[in-house]
Every structure is written in C-alpha cells, then in structure tokens.
Amino acid sequence: MAAGPPNDTGLSDGGKNVGRLIRTWCALAVAALAAACATVPDAPAGPSLDAIEASLARDIATLSDDSFAGRYPGTPGEAKTRAWLIDRFVELGLAPGAGDGDWTQDFTLVRHTPATEPGSVTAGATRAGRSLRFSDDILASQPGADRATIADVPMVGLAPDVETLRPGALANRALVLPASELARLGAELETAEPKVIVLTSADRESHERAARLFESGRWRLDSDKRDLALMLLSPEDSARLRGLIGSNARRHPDGLGVISYDTILDLRFEQAAERIDTANIIGRLPGTVEGAGAVLLLAHWDHLGDQCGPPAAQDRLCNGAVDNASGLAVMAEALRLATREGPLERDLIVLATSAEELGLLGAEAFVADAPVPLPTIAAAFNFDTMAVAPRGAPVVAVGAEETPLAYGISEVARSLGREVVSSVQADAFLRRQDGWVFLREGVPAVWATSTLADEKAFEAFLDGPYHGAGDEFGPALEMGGAAEDVLLHAGLIRYFGSLQTYPGAAG
Ligand SMILES: [Zn+2]
C-alpha cells in the first residue's frame, strides 16, 4: 500500500472518517436481479480456514524474512524475491506470462534532482539587442530529462485578471510567473503547455519556499516522456529580468490574457539522475476457451528496504509482512484453490508488481506495455495489505462501484456468508493501490478485502507497524480475515473466469 501525499486525508485526519460502514445498495439490487442471473457455482469442498492460515503463514514468513532485506527494487532483496516468485508460480502450474517465454517484464525507474555542480545551469534573456545572463543562483528542473535545452523561446506573462487559459495557449512560450501564483494556476498551466515556467521571487522567503519544490525528485518510469520544465530565479535575478522587460509590454494580439514581453529566453541545464533496474513478474494459465479474455490477479512484491525508522534505531528493516507479503500469499493460495480442478474458461494472468511503494510504477509499466490488450481483461483483482482483520469481517470492494463487477462480487461474497459493505476509507485508498492504474485505463480493477472493513484493526495497523520496522511476521500476526479473503477470491476467480457466470460487461 503506497504512502499518500503529505496532505492526504486518509492518514492525516486521524481516521475520524474511518470505516463509517454503510450497507450498500447491493443487497437490495441482488434480490431484485437474482432471478435473471446465473448463480454462483458450488465450490469444491476446500481446506479449513486453519489450513489456509497455515499456508499463508509459510509464504508470509518467508517473504518477510530478514534475508529478503525489505524487498527494495534493484537490490539483492529483489533478486531473492524474484526467484521465490518464479518458483511459486511454477508450483502453481503457471507458464511465463511476460511474452517471449519470459517471467519478467523489465523496466527502469529514474529520479531527477537539480545538479549541484557549478555551470550545470546557464540561462539568459535578450530584448531589443540587450542581453542579460542570470547568476548561478538558478534552479531548473524537468522531471524525466537528464538535460534540457530551451533556446530562443519567447517570454510571456499573464494579464492580472486571467483565470482560464485556452489549451495550448502557451505552447513554445516561456511563461514568467511569480512563484506565489504557481499553486493557484496549477492545472490551468498544464493544459496551456508552456515550454518552461520561469518563476520569479519577490524576496528571500518566497524564494526559499519555492526552492523546496525543486529539491526532492519523484521516482517515475524512465521513458521519453518529459514533464513541464520549471526554472526559479533569485529575487536579484527577478529584479534584473523586470528591468530588462520594462513596463511597455503589450497585450498579445490573441486577446486571451497572454502578454508578450518581446524578450527571448535561453536556458540549458543538466540534472542529477538516479536509476533503478527492476521487473514485474508475470505468470499465465491459459483458459479453455480461446478469445474469452482474461482475469488478472495482481499484488505488489516490493517494499521499503532497510531504511525504516530513525537512523539510530536498532532494527530498521522494513520486512513488509502485511504490506505486502500477505497480498502475495493470499493471491497464491486463492489461485491454487480456484484452479484445483484445472484451468478456467478465461485466461488467468498473475502479476507481481514492483515499485508500488514508489508510486504504483510497476502497474504503470504493465499498462504501458501489457502482454495482452488491456480491453481483453474482463476483471482484475488487486491483493494488498490483506492480513489485518480477524475472521468474521465483511468485505470492502475498493473501486467496484466504477466497474461492472460489483454485482458478481456481492453474489460470491453472499454465497460465502459475507456481506459487501462500503467504507469512507475506500475513497481515501482508491488511488493508493495498484488497481487504480488499471481503473484509469478502463480495466475493471477491484481491491476486495477484509482489511478496510474492520475500522479498529485497520486504524491500529496504520498507527502501528504500517511502513515501519514493526511490520514483521510473528505468532501475533492476524490472518483470520486474510484466510476468509482467500476463499472469497477463489470464488471470484471461478466466477469471473467462467463465461456462464460472467459473460462479460455487456452480457
Ligand atoms: Zn505500502
């Protein structure tokens, strides 16, 4: 489960909205529709919950062992995790699913931060034959680019009263903007597509505040995609630029609030880059009906490595027993139970993602280069942070309302004596789990779990071991809800893997 943004209400509101459980409308709708719909197939007699817990315990204990070193991408912990996953996938009867007979879908992550060497940024402006070169006290960044050259770009400003900008209005322009205006105009600026935004600062304080934007880079997929370029001028350079532009700036003839400064910007800079080579592990069990599409199961294998807790702490290893050894364990056991009597009609694709904790990046890498066309995925189920609630918890199906899967999930849950409930928490975590990346692409993806259905247990987890050295395996680890979620998912895999019970969204 990925950390939220700093102001994410999911964690910072102290959980006051947590788990206000509301019965969904499903119970009523199910009664009304039941006559028209196929029923849930009987599950073959299965193992006891105790036996399932024992099987989960084995996988969780192994994956969260100190020898896996917190499963950070690009480390020996990754190599060990990969080997374990491939063995486990073979044991489950899967074939390599990444294409070309490979188990791994390789990709590279990159994080850019401003270069610190002198001369790594040079910039100047020219107007009517007069030139100025900015001091070395410039910050420049463009996430995704090792270096950038922005030459001969006209500088423009915004009319003071402007509130909306036409898409593309700033294409191939350098927008000069007081740093204090950036937050207010954020989304508007992105669609206006300026080549670069030149942030000016009025004083040291506003300069320092804006400088923080440039300091910590975010991990992203290493690709040709570049984000918006930003440059920050010191108060002194800001004053020099104002002097060069002067006060006789005229309104741009398009009359849409863009002011031409008749001034040209030249900017060149390099950035410091860190890179990590990592991989998703993908297995596949072909279905019996060709062209019937696929059910996708996914769980992230990565965690936070060995940097949990304060530097002086004795144990800093982020074992990630709950987050997310438990997800991998529940996924494997549900798959085993669902396919005991052979393959299903639909293909099963089993995906262990990397770099979820760094921003759902393994899921992004999968959808960017999926081994099957995304529209052929009839249903996707994400397994994240599963070992939290005890037995007897209902089910929260995060994302289900945005998919055609809600009815079937309720049916399967009901056949197992469980109820699907909604939770305010579900909204807070919708965008913090891998399923979100699939939903965004139109793939129906649901995180169905007991975890969010037990408000107290979930809050205790967030306030306690979550993303800390204490997320370890031990006799006290609660696996009751996880074991019931194994049975739920075995049922879901059979239900959505069958053309009889789930013909498809339009069926
Ligand atoms: Zn996490």
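The values are calculated or read from the model by the stated rules, or taken from the named source; none is laboratory data. From a predicted model like this one, the values you see are computed outputs, not experimental measurements. Note that we place each Cβ from the backbone using ideal geometry, even for glycine, and neighbour counts take in every protein chain shown. Ligands, DNA and RNA are excluded from the accessible area calculation, which covers all protein heavy atoms including side chains. Shrake-Rupley method; radii C 1.70, N 1.55, O 1.52, S 1.80 Å.
Going through region 338-350 one residue at a time, which ones are open to solvent by 10 Å² or more (accessible area, probe 1.4 Å) and not in a loop (DSSP other than H, G, I, E, B)?
Asp347
Take the residues in region 280-334 that are within 16 Å of the ligand (Cβ to nearest atom) and on the phi > 0 side of the Ramachandran plot; name whichever of them is surrounded by the most Cβ atoms within 10 Å (Cβ to Cβ).
This residue is Gly320.
Look at Ala460 and say whether it is over 23 Å from Ala379 (Cβ atoms) and surrounded by fewer than 19 Cβ atoms within 10 Å (Cβ to Cβ).
yes
Thr353 fails exactly one of the following numbered conditions: (1) crowded, with 24+ Cβ neighbours inside 10 Å; (2) farther than 22 Å from Gly101 by Cα; (3) within 16 Å of the ligand (Cβ to nearest atom). What is the number of that condition?
Checking Thr353 against (1) crowded, with 24+ Cβ neighbours inside 10 Å; (2) farther than 22 Å from Gly101 by Cα; (3) within 16 Å of the ligand (Cβ to nearest atom), the one that fails is (2).
Under 9 Å by Cβ, and 6 or more places apart or on different chains, what pairs join a residue from region 301-317 that is farther than 24 Å from Val350 by Cβ with one that is of a type in the set (Lys, Arg) and within 12 Å of the ligand (Cβ to nearest atom)?
Gly305/Arg71
Kindly indicate which of Thr501, Thr449 is open to solvent by less than 40 Å² (accessible area, probe 1.4 Å) and within 24 Å of the chain's Cα centre (by Cα).
Working: Thr501 fails: within 24 Å of the chain's Cα centre (by Cα).
None of the other options fit; the residue is Thr449.
I need a count of the residues in region 70-88 that are open to solvent by 10 Å² or more (accessible area, probe 1.4 Å) and within 21 Å of Phe107 (Cβ to Cβ).
Going through region 70-88 one residue at a time, the tally reaches 10.
Matching residues to (1) modelled with pLDDT under 95; (2) closer than 28 Å to Thr339 by Cα; (3) of a type in the set (Ser, Thr, Tyr); (4) not assigned by TED's automatic domain parsing to the domain that holds Leu360:
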{"residue": "Phe68", "(1), (2), (3), (4)": "no, no, no, no"}
{"residue": "Thr75", "(1), (2), (3), (4)": "no, no, yes, no"}
{"residue": "Trp84", "(1), (2), (3), (4)": "no, yes, no, no"}
{"residue": "Asp100", "(1), (2), (3), (4)": "yes, yes, no, yes"}
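Among the candidates Gly217, Gly186, which residue alone is of a type in the set (Gly, Ala, Ser) and in contact (Cβ under 8 Å) with a residue 12 or more places away in the chain?
Gly217
Among the residues that make up region 175-183, is at least one of them under 28 Å from Glu356 (Cα atoms) and polar (S, T, N, Q)?
Checked against the condition, which is being under 28 Å from Glu356 (Cα atoms) and polar (S, T, N, Q), region 175-183 yields no hits at all.
Check Arg71 against each of (1) on the phi > 0 side of the Ramachandran plot; (2) basic (Lys, Arg); (3) more than 25 Å from the chain's Cα centre (by Cα) and name the one condition it does not meet.
Evaluating Arg71 over (1) on the phi > 0 side of the Ramachandran plot; (2) basic (Lys, Arg); (3) more than 25 Å from the chain's Cα centre (by Cα) leaves (3) as the failure.
If only one of Glu205, Glu236 is within 24 Å of Glu117 (Cβ to Cβ), open to solvent by 50 Å² or more (accessible area, probe 1.4 Å) and outside any strand (DSSP E or B), which one is it? Reasoning before the result, please.
Working: Glu205 fails: within 24 Å of Glu117 (Cβ to Cβ).
When all the criteria are applied, what remains is Glu236.
I'd like to know if region 471-480 contains one or more residues that are within 16 Å of the ligand (Cβ to nearest atom), charged (D, E, K, R) and at pLDDT 95 or above.
Yes: one or more hits.
Of everything in region 263-279 that's buried (at least 20 other Cβ atoms within 10 Å of the Cβ) and within 30 Å of Val153 (Cα to Cα), which residue is farthest from the chain's Cα centre (by Cα)?
The qualifying residue farthest from the chain's Cα centre (by Cα) is Thr263.
Criterion first (surrounded by fewer than 24 Cβ atoms within 10 Å (Cβ to Cβ) and over 21 Å from the mean Cα position of the chain (by Cα)) does Glu441 satisfy it?
No; evaluated as a whole, the condition is false for this residue.
Would you check if Ala3 is at pLDDT 50 or above, out of contact with any strand residue (DSSP E or B) (no Cβ under 8 Å at 6 or more places or on another chain) and closer than 25 Å to Ala482 by Cβ?
Working: at pLDDT 50 or above: yes; out of contact with any strand residue (DSSP E or B) (no Cβ under 8 Å at 6 or more places or on another chain): yes; closer than 25 Å to Ala482 by Cβ: yes.
So Ala3 passes the test.
What do you reckon, is Ala397 closer than 17 Å to Gly481 by Cβ, open to solvent by 10 Å² or more (accessible area, probe 1.4 Å) and touching a residue at least 40 places away in the same chain (Cβ under 8 Å)?
yes
In the set Ala400, Ala448, Ala428, which member is at pLDDT below 95 and of a type in the set (A, V, I, L, M, F, W, C)?
Just a single option satisfies the conditions, and that option is Ala428.
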